[in-house]
Amino acid sequence: MTYESPAATSNASEEPALALARLPPELWVHVIRQAFDASESWEYDTSSRMRRMTGAWSRDETFLPNDGQRGRELWSWRLVSRSWNCLLLPLLFDSFLVYGFNHDLQRAIRMLQGCVGAEGTGRFVRYLTFRFDEGEEAEEGGWPVEDVAPQIFKVIKLCPGIEEILWIAADDLPACIIPALQATTVRKLHLRDWRDNPPGNALLNFVASIPSIEVLGLVEACLEMPEAPYVQPLQRRSILNLRHIALRLANANAAFIRALGSCDLPRLTSVVGDAYQSADIDALQPLLQQHGPSLKKLVLLYPHANKNYDQELSLLALCPALEEYSTHISLLDSQRIFPDLPRLRRIGLFGFVPAAGSFSEPLTHLGRQAWWDEKKDSHKAFLSSLSKGSLPALSAITLFDLYPLEVKNWAQYVYALVDTMSNKYMMQGIRLENADEQPVQALLDACLSKSGHAIVDS
């Protein structure tokens, strides 16, 4: 006979509401964070894996606490009790937005210094966004950045625990804030610049001065760089802890990308190249010649630019230790042979279905059928060419386009091909998944059984 103590019996019959109230604060934080992060945007291609792959900004949105409906609602939760106040403050200030006008900066400083029920709230900030309007739209006191540099310095000094900074401006990062950043734990810097050609030299000098920087996101900026530094470098910059860099593969950015080849980047293991229209992937050659042997991840995305798979293969050959490689499937040619990549364990493919917004109007059923009829043979040929025979470490193929919203639209077209390839890959121990590491086959099965759509033969 098993003996149960009175205390155990009492706990077993405890009301669920009382049991929930007894949760330790550490678990309550996770419960409330889920309420904060609930958003329909996760139906789209904003998965956490996508962010990790590209090194993109980690937050869907940043806001100034007590601003807007969402901010005021969350701010009011603090008033429930002192315990809730303690739980919510770190979440409220986790992601903080600062506008560049003088009065907004002063207000941000006051909030970061403390608020009702807490002092030094800046210590909770991990993700810090600075947004400066363009000159013609700015009000007096908000332009240029140099005029408010002391306030920017003070904001950063009040946030010693920041991990990421997003800088949205048409002005350079002021050098005077470097000492403030050196005293923080900032690891990631993302730049969105409204100018066509901000000076690349100034940015490299800035980043080299902050040894904690590990991630540099520049996919939304083209930087001006004289041709000389990468032909005959006068001074070899050292960015000692940079592990990941995301670049815009635009023709206007080619000189800056080449200049990176003359930088000392001893810990660089990940490079992302992205482009909207024009692309110059040859500009990556000096960078990969210098640092390719140590790279573990390479992402090359330029779906709307002229494509040359031979160029891409030549870049892959410079990265023999590569473990992850992502590209646009319409670029690929099953007749070309991958270079020897014995450690490549994951291939990520974009363009398996057309990206949302790639057409002026949503595709009709006939439009989707026509698009798939044009692409399915080349998709099948390339997917069939991937095997453990040529890539012995391959364990996963990711179809990044098949996030939940697109599965609904394309399930009946892609099912037959995915079904065939999934069975083939399964026998080799290779997973076919989407960006959230969900098995694509299971997603399609669930979608088709729910909708009752007929499968289109491929």
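Details
Every residue, every condition in (1) among the polar types (S, T, N, Q); (2) assigned by TED's automatic domain parsing to the domain that holds residue 206; (3) modelled with pLDDT of 90 or more; (4) within 17 Å of residue 206 (Cα to Cα), yes or no:
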site	(1), (2), (3), (4)
98	no, yes, no, no
114	no, yes, no, no
117	no, yes, no, no
121	yes, yes, no, no
141	no, yes, no, no
145	no, yes, no, yes
152	no, yes, yes, yes
155	no, yes, yes, no
184	yes, yes, yes, yes
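- Residue in the range 363-370 that is at pLDDT below 80 and more than 30 Å from residue 291 (Cβ to Cβ) present: yes
- Selected residue (criterion: farthest from residue 241 (Cα to Cα)) from residues of the range 270-293 that are surrounded by 19 or more Cβ atoms within 10 Å (Cβ to Cβ) and not hydrophobic (A, V, I, L, M, F, W, C): 280
- Within the range 164-183, restricting attention to residues that are in a loop (DSSP other than H, G, I, E, B) and touching a Leu at 6+ places or on another chain (Cβ under 9 Å), the residue that is surrounded by the fewest Cβ atoms within 10 Å (Cβ to Cβ) is 172.
- Selection of the range 331-345 for residues being modelled with pLDDT of 70 or more and outside any loop (DSSP other than H, G, I, E, B) yields an empty set.
- Against the list (1) assigned to a loop (DSSP other than H, G, I, E, B); (2) at pLDDT 85 or above, the condition residue 259 fails is (1).
- Of all residues in the range 425-450, those being exposed (fewer than 15 other Cβ atoms within 10 Å of the Cβ) and out of contact with any helix residue (DSSP H, G or I) (no Cβ under 7 Å at 6 or more places or on another chain) number 8.
- The residue that is nearest to residue 339 (Cα to Cα), counting only those in the range 292-318 that are over 22 Å from the mean Cα position of the chain (by Cα) and at pLDDT 95 or above, is 318.
The values are calculated or read from the model by the stated rules, or taken from the named source; none is laboratory data. Quick caveat: nothing in here was measured; it's all calculated off a predicted structure. With ideal geometry, Cβ positions are generated from the backbone for all residues, glycine too; neighbour counts draw on all protein chains shown.
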